[in-house]
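A short write-up of the structure that comes next.
The values are calculated or read from the model by the stated rules, or taken from the named source; none is laboratory data. This one's a predicted model, so the numbers in the text were calculated from it and none came from an experiment. For neighbour counting, all protein chains shown are included, and Cβ atoms are generated from backbone atoms with ideal geometry for every residue, glycine included.
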Amino acid sequence: MIQDIFEGFGSLMLEVTYALLPLLLFFLIFQMIFLKMDKEKLKKILLGFGFSYIGLVLFLQGVHIGFMPVGEKMGEDLGEMTHDWIIIPIGFVLGLVATIAEPAVRVLNKEVADVTDGYISQKAMLITLSTGVGVAVALSMLRIQYNFSIWYYLIPGYLIVFALMFFTKKKFINIAFDSGGVATGPMTVTFILSLAVGAASVTEGSDPLTDGFGMIALVALAPIISVLILGIIYKKEVEEN
């Protein structure tokens, strides 16, 4: 049991080391030449690097032994149910909660709230992003059930984005396009993608390669639309007041 948990742990630690080491080296070079921060602040930053390293290793190991297998198994079991349509509302709920738990989403929400001095609250951003991703996952499950091309979502979706850009403020446009990338973080990609692949593998007429994949493109699109809509709502409130 313990052997299974730590399978591949050494190679994963090495991969994370290779990923973080260049960042650490660049920081140290800038510290010596330009930044020259005091020892106390430098100590906190180095401690942060250490925590980030430990967190990444533990998270990625958890993904390999837990998140991905359980996501795929859930998708397979839901896809084999008599009332297989139930995977659509369940997909919405799972997309919702996965986004709430997404670390990158929380960072973006805090940055937006700080930069706008609370004009755009963290709660409003979190509800907007999580709802958008939930809808995207539900639509992806619908596509798996009925086996149609993702272009039926992407082309109209981006046309809607371009249309909404004319009715919202510039600050929301910038935030919206960042939100699309942030929402497709490790929580969503590892769990929800595995769920979709598992569901597609047992759904009659579906191919995991053509139907299970592609949902991340939709997940990246949905928050852009939802944040632009939020911008229109905020704009109307300002005009009314």
When you scan region 183-194, do you find a residue that is aromatic (Phe, Trp, Tyr), surrounded by fewer than 21 Cβ atoms within 10 Å (Cβ to Cβ) and either on the phi < 0 side of the Ramachandran plot or not in a helix (DSSP H, G or I) (or both), even just one? no
Test: residue 82 is of a type in the set (Ser, Thr, Tyr) and exposed (fewer than 15 other Cβ atoms within 10 Å of the Cβ): yes
Pairs where the first residue, in region 92-109, is of a type in the set (Gly, Ala, Ser) and the second is not in a helix (DSSP H, G or I), C-beta under 6 Å, 6+ apart: 104/185
Just checking, how many residues over region 108-124 are in contact with a Leu (Cβ under 7 Å, 6 or more places away or on another chain) and β-branched (Val, Ile, Thr)? 0
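Which residues, counting only those in region 165-193, are under 14 Å from residue 102 (Cα atoms) and either among the aromatic types (Phe, Trp, Tyr) or free of Cβ contacts under 8 Å to residues at least 40 places away in the same chain (or both)? Reasoning before the result, please.
Quick first cut of region 165-193, residues under 14 Å from residue 102 (Cα atoms) only: 179-192.
Selection gives 181, 184, 189, 191.
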Being in contact with a Gly (Cβ under 9 Å, 6 or more places away or on another chain), among the charged types (D, E, K, R) and modelled with pLDDT under 90, is that true of even one residue in region 67-74? yes
Applying the selection to region 186-197, what residues are among the small types (Gly, Ala, Ser) and in contact with a Pro (Cβ under 8 Å, 6 or more places away or on another chain)? 194
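Looking at 217, 200, 222, which one is buried (at least 24 other Cβ atoms within 10 Å of the Cβ) and either closer than 22 Å to residue 63 by Cα or not assigned by TED's automatic domain parsing to the domain that holds residue 136 (or both)?
200
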Can you tell me how many residues within region 52-66 are of a type in the set (Gly, Ala, Ser) and buried (at least 18 other Cβ atoms within 10 Å of the Cβ)? 0
Determine which member of the set 160, 120, 155 is in the same structural domain as residue 180 (by TED's automatic domain parsing), over 19 Å from the mean Cα position of the chain (by Cα), buried (at least 20 other Cβ atoms within 10 Å of the Cβ) and farther than 26 Å from residue 59 by Cβ. 120
Would you point out which residue out of 217, 200, 183 is at pLDDT 80 or above, under 20 Å from residue 87 (Cα atoms) and in contact with a Pro (Cβ under 7 Å, 6 or more places away or on another chain)? 200
